[in-house]
Structure formats: C-alpha cells, structure tokens
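Here the structure comes first, spelled out in structure tokens, and everything after it is commentary.
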Amino acid sequence: MTARLRDVCDLFRSRNAGAFLLTLDIVPVSAELFDRLQADRTLESDQVAQLLGVSRSDLRVTYYRQGNAVKITIPRRVAGGSPDDHDVDGAQQFVPLLNLTV
Amino acid sequence: MVKLIAPTGVLGVGFSYRSFRQALAHDVDVIGCDAGSTDWGPYHLGTGTSWSGRDQTRRDLEILLVGAREKNIPLLIGSAGFSGSDDALDWTRDIVLEIARERGLSFRLALIRTEVGPGWIEDKVAGGRVAGLDGRPPLTADSVREATRIVAMMGPEPFQHALAHGADVVLAGRSSDAAIYASVPLSRGVPPGNAWHLGKLIECGNAISEPVAAGACIVGTVDDDGLTVAPALDGVRCTPQRVAAHMLYENASPYLLREPPGILDTTNAVYQQLDDDVTVRVSGATFRPEPYSVRLEGVTKLGYRSMCLAGLRDPAVVGDIDHYTGEIRRLLDRSAPRRFGVSPGDYTLEFRRYGLDAVLGPLETAPRDHAYEIGLVTEVTASTQALAHQLVAASMPYLMHGVHVDGTRHSANAALAYSPAVADLGPVFRWSVWHAAELDDPLEPFRFEYLDVTAAGDAGARREAAHR
C-alpha cells in the first residue's frame, strides 16, 4: 500500500541546524511505518535528493528510534538570512517532500 | 542532585508567571535562560540588536531576577540580547540594572564578554587551530578583518568561573544553550552525559511539554543516574515522545551533539514516563571529551536594503511575470547611471514572487498556471540606505505603468501594498565566519566584569579584563 508522506506523519517539519544546514524531521504515525521507512530506505533515494535540490551524497539520513523519527540533514542552498535567502529559519523547506509516495 | 528551572526557550518570548512561581517552590538550585539564536539570520549579530523588544525582555527578566533574589539562587542568562555581542550584553545589563534599581535588589552581577577580535583569531588561524564547520572553507585573514562582528560560543566553564567569583546573576554573551544548564551540575560532579543531556532537553523550555501553548516552566533534576523533566503547571505534561523528539530540534543529528568540551551521545538513552504521568525520566546518555573547541560566529555587512511590496492581480501580468520584471530590471539598469551615478554592478536588484515561487525557488513544482495573484517584492541592496531607497523608488514608475504587458488594457500593472510604498530594511549581512577554534583554556577569549549592585541603586564595577 502506498500513501503520500503528508498523510502518514504526526510531525513533519524543517528548520535550520545552524546557518549552513537544513534539517527535516519526519515522525510517521506508527512504529510500523518507521520500520518500513528504515527498511526500504525511501527517504535516502535519488528522488528525495532531487526534490530537495541536493546530490544524493549530501543527504544525511538518521533513523531515530527513541523519537520514532527520520531525520534528513542537507546543506542549505544559501546561508540562513543571506540577502538571497527566502526562508530565514528554513521553516517551509519540508514542502517538496509532502507528496512523496511512501 | 541539582534542580534547575528552565522558564522559556528564549528570553522575551514569555512564559506563565503562575508556573514560574510554582517551579520556584521546588527548592531549586539555579535558574537558567537562553536569550539568543542564530536562526533568524545574521542581522542581529551585525547590528547588536535583539529580536525581542525591550519591554518584553524586561518583563521576563524581572520575574526571573526577583525570583532568583528571593530564593538567593543564581540566575544564568546565555546569549544575552539575542546575538551575545558586546552591545547586546550591555543592552541586557542596562535592563537588569533598571530592574534592580526599581525593585531594590542587591546582588553581584557578572558580565561575560564573548566578542573576539581579529588579532586573536588570526593567531588561531596561523596556529592551525581553526576549522570550517558545516562545509565552510578555511578562514582567511581577509574574511576575519572584513567581518563586522565575531563572537565565540562559550561552554559551561565561564559560568562556573563567574559563580566561583561570587556572582549571583550571570549575563553571558554568546553561549551554548545547553551549557547554561549543564554548568552548575557539572561543577557539582554530576556525570557529564546526564548534565549535558539535561541541558539540551530543557534549553527550549516548554517545547518538551504539552500543550506548548500553556507556557509552562520546566523543572529539571539531574543526578548520578539520570535526569527528570516536568512542567510546573497543572494540566501540562512531559511525555517520552515529546522529550525524545526534542533531540531532533534544530540539530543535525538526534544522537550526537557537539559541545565545546566534547560530544553528547544519546544513542543509548532511554526515555520513560513516571507514574505521575507528567514527569519523564531519562538515562543512558554519555559524554565523550574532544579537544576543547568553540564555534566562532561572524557576519559581514553587504550594504543596505530597501523594498517595495506590490500585488499583481491582472491575469495578463501574472501570466507574463518574467517579461514584466525583466523589463523593470532593464529600465532601472539603463537609467541608474544617469540618475544616480552608479552602474548595475554597484547594486543588487531582486524580485521575490510570493504566490509563485518565492518560498521554494528552484524547488517549486506547483504548476505555474495555478497562480492568480503574486505578491511582488522589489528589493535593492546598495552601499547606502539612501541609494537603496532611491533605486527602489526609481523602479516604481516602471513597476506601475512603464512596462507594457500584452493583454493589459489598463494604465497600471500593480497594486501598491503600503503608503509609504518604499520601506527601508536597514543593513544587510551574511554569515562569513562559521568555524571552530580550539582553545588552550575554556576561559581563553572571554572577558569578565563584576558589578556589585546594591539596593541603593549604585553599581560598583570591578573588572577582570582579559582572563589571561
């Protein structure tokens, strides 16, 4: 069975992790789904890298069992709050993955 | 065992007064509060100004200061004035002195300055003790000298040093958030894994409680075997999920957190709900010492910015946005040398197209023909505020009616959002220093000052200039 990521998360957010990194926290609705995401490694795919505008080798994915969460950390396109940055604390940068099929 | 209050995640954001008074009744050893962040960009360090207003900062500080003096326990404030710059520290100090005067409080106030000068950094660079963080290239002498301000993010030792010198209230410049809370437990011999884990978990105050909107203060207790966190307000609870989730927040990794003396490792941490259903017990974190290192944060000024917000609603303009803004750019660039004596290379003209692609930029995948209205920001960054303002003003006739868009039948293409139409945004900065510097001594670059504040309203100053 497949679903859109947005429909199967209790928490899905993005924020700065310092001025040069962006981090996405994805908490799926169940431990089973967390296990599936970890097993099939959907969130480490080329498609995810492409949607986030980074190369596959720039994706840092951590499976955080205590928090039932998957964390994706990537370099920022531009440093937070630079003149050409349009999302100063990175708060809307989860949006490209909302419709990802999982 | 050490008991601490974390009233809120950022000084000035507010918290429940009732909760704070309940927390104080817990026989607490120390009150801590973080006042800063880099997450809202380089402007605050560049200007030495706070995100929060003076009144809201004073409101929070007054409650904390009065409570701390009433119980005669230390109050530790980190990253004072948001950026932790010297100016921001002085701003916070003046608020503290004002409160002390009006409330008749006596205490010894320590100020810890964390701005670092180019000479000290260049010596560090020359000695091979500075490394780029998060992909930053090596630091150069030029980028150090060009920087408007650089602060070093201190660890817990400067707090401990100030307390050992009799401070009741410590205002620190840029500081690790977790170090504010870890400092006293560490000096009392609590295992570093527990002390640092507590510090990280409570540094955002009520973020680990629910409902967050209650604004509960958090009481954290740490001992040899672990730590507990609980909100000091009826109807609010901490849950293992929320507490564990906080390790994700604004961190690159939920397991490994670099702090000045080493790395907090929570890989084997266990989060459990206690029987009262509001308290969470945490144990199992470890701390691995590393070469002592502080993050250097510095910004460089690029100029001054002005902007104009206009709404585009005519379908012909919305549908031809690239041509429309391209023409505005062409016309402004053509007229600027004659009118202002500058060439297009002397300023930066940018358009933000809210409703189309302003937020995600090249990552936007929504079909463009879905846009029916665009909030168009025209912005110019130039060497002076006056020039930036005039360049935006000069673009307005083009914005309004100087560009012909096929299909329009009207005299104006845009709806100005405000009067005045041009807003000055002040100086613009970028992060130019984001590096780690190894220290020989945790106090090395930091400067201490002590003020004996008396109820009579005078503050006797004693300065301990550079530590070494």
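The values are calculated or read from the model by the stated rules, or taken from the named source; none is laboratory data. Bear in mind that the values here come from a model prediction, so they are computed numbers and not experimental data. Reconstructed Cβ throughout: ideal geometry from the backbone, glycine too, with neighbour counts over all protein chains shown. In case anyone asks, the SASA skips ligands and DNA or RNA and just uses the protein heavy atoms, side chains included. Shrake-Rupley method; radii C 1.70, N 1.55, O 1.52, S 1.80 Å.
Could you say whether any residue in segment B:248-262 is crowded, with 21+ Cβ neighbours inside 10 Å and over 26 Å from the mean Cα position of the chain (by Cα)? No: zero hits.
Rundown of residues vs (1) of a type in the set (A, V, I, L, M); (2) in contact with a helix residue (DSSP H, G or I) (Cβ under 8 Å, 6 or more places away or on another chain), yes/no style:
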| site | (1), (2) |
| --- | --- |
| B:Ile77 | yes, yes |
| B:Val125 | yes, yes |
| B:Arg129 | no, no |
| B:Leu133 | yes, no |
| B:Ala141 | yes, yes |
| B:Arg145 | no, yes |
| B:Ala172 | yes, yes |
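Within segment B:45-85, the only residue that satisfies the criterion of being among the aromatic types (Phe, Trp, Tyr) and modelled with pLDDT of 95 or more is B:Phe82.
Every residue, every condition in (1) more than 25 Å from B:Glu250 (Cα to Cα); (2) open to solvent by less than 30 Å² (accessible area, probe 1.4 Å); (3) in contact (Cβ under 8 Å) with a residue 12 or more places away in the chain, yes or no:
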| site | (1), (2), (3) |
| --- | --- |
| B:Ile121 | yes, yes, yes |
| B:Asp142 | yes, no, no |
| B:Thr148 | yes, no, yes |
| B:Leu186 | no, no, yes |
| B:Gly189 | yes, no, no |
| B:Leu198 | no, yes, yes |
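Within segment B:299-306, one or more residues are over 22 Å from the mean Cα position of the chain (by Cα) and under 30 Å from B:Val428 (Cα atoms). Of the residues making up segment A:28-43, those that are over 15 Å from the mean Cα position of the chain (by Cα), of a type in the set (D, E, K, R) and surrounded by fewer than 14 Cβ atoms within 10 Å (Cβ to Cβ) are A:Glu32, A:Asp40.
Against the numbered list (1) open to solvent by less than 40 Å² (accessible area, probe 1.4 Å); (2) free of Cβ contacts under 8 Å to residues at least 60 places away in the same chain; (3) closer than 18 Å to A:Phe12 by Cβ, A:Ser82 comes up short only at (3). Looking across segment B:152-188, just one residue is aliphatic (A, V, I, L, M), out of contact with any strand residue (DSSP E or B) (no Cβ under 9 Å at 6 or more places or on another chain) and closer than 22 Å to B:Phe107 by Cα, and that is B:Ala164.
With respect to the stated conditions, B:Ala388 is over 16 Å from B:Arg353 (Cβ atoms) and touching a residue at least 12 places away in the same chain (Cβ under 8 Å).
Scanning segment B:365-387 for residues that are in a loop (DSSP other than H, G, I, E, B) and either surrounded by 15 or more Cβ atoms within 10 Å (Cβ to Cβ) or more than 14 Å from every other protein chain (Cβ to nearest Cβ) (or both) turns up B:Ala371, B:Tyr372, B:Glu373, B:Thr384.
Taking segment B:307-362, which residues are over 25 Å from B:Ser419 (Cβ atoms), within 14 Å of another protein chain (Cβ to nearest Cβ) and surrounded by fewer than 19 Cβ atoms within 10 Å (Cβ to Cβ)? B:Thr348, B:Val359, B:Leu360, B:Gly361, B:Pro362 - these are the residues of segment B:307-362 that are over 25 Å from B:Ser419 (Cβ atoms), within 14 Å of another protein chain (Cβ to nearest Cβ) and surrounded by fewer than 19 Cβ atoms within 10 Å (Cβ to Cβ). Within the option set A:Asp25, A:Asp58, A:Asp87, A:Asp10, being open to solvent by less than 40 Å² (accessible area, probe 1.4 Å) and touching a strand residue (DSSP E or B) at 6+ places or on another chain (Cβ under 7 Å) holds for one residue only, A:Asp25. Scanning segment A:38-69 for residues that are touching a Leu at 6+ places or on another chain (Cβ under 8 Å) and modelled with pLDDT under 95 yields A:Thr42, A:Gly67. Scanning segment B:150-170 for residues that are free of Cβ contacts under 8 Å to residues at least 40 places away in the same chain and out of contact with any Ser or Thr (no Cβ under 6 Å at 6 or more places or on another chain) yields a single hit, B:Ala164. Filtering segment B:430-454 to residues that are open to solvent by less than 10 Å² (accessible area, probe 1.4 Å) and within 14 Å of another protein chain (Cβ to nearest Cβ) leaves B:Val433, B:Trp434, B:His435.
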